[in-house]
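Nothing in this text is a laboratory measurement; each read-out follows from the coordinates by a stated rule. As the structure is a prediction and not an experimental result, all values here were calculated from the model. Cβ: placed from backbone, ideal geometry, glycine included. Neighbour counts: every protein chain shown.
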Amino acid sequence: MKSISFSELEKISDSNSEIIDIRDHYSYQLGSYPRAIHIPSNFLYAMPEKYLERKKRYYLFCEYGSKSKKMVQYLSRIGYDVYNVEGGYQSYKK
């Protein structure tokens, strides 16, 4: 599984990639990474083809990194280029 830290992510300016916050709506409303889009994990799991393109790269995070790790493993198995952001949103807030 591929992973990256928020400090490494800060250095990336690839227009062919997206950062996705997979937390629930309430958590997202409390704050998120500035460049992230919001797609809750249950939506992403149920219909990845609706939200993702196979030719793009995605960086996923949740609150602490465990849910996004599982999501990255799943999406990798079905052919998406995805990275887990280590430590989740809590590591960004520090």
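Points to keep in mind about this one:
- The chain - convex hull of alpha carbons, volume per residue in Å³: 85
- When +1 charges are put on Lys and Arg Cβ atoms and -1 charges on Asp and Glu Cβ atoms, the dipole computed for the chain relative to its Cα centre reaches about 160 debye.
- Computed from backbone phi with θ = phi - 60° and the Karplus coefficients 6.51, -1.76 and 1.60, the 3J(HN,Hα) list for segment 7-23 is 5, 5, 4, 4, 7, 8, 10, 7, 6, 9, 9, 9, 9, 10, 8, 9, 6 Hz; x is used for glycine and proline.
- Pairs from K70/K93; K2/K70; K2/K56 whose Cα-Cα separation, in the structure shown, is over 20 Å: K70/K93
- 3J(HN,Hα) along segment 69-76, derived from phi through the Karplus expression 6.51 cos²θ - 1.76 cosθ + 1.60 where θ = phi - 60°, amounts to 4, 5, 5, 5, 4, 5, 5, 4 Hz, with x in place of Gly and Pro.
- Volume of the Cα convex hull of segment 1-55, divided per residue and given in Å³: 106
- 5 angstrom amide H check on E86, placed H, neighbours 5+ away: I4, S5, F6
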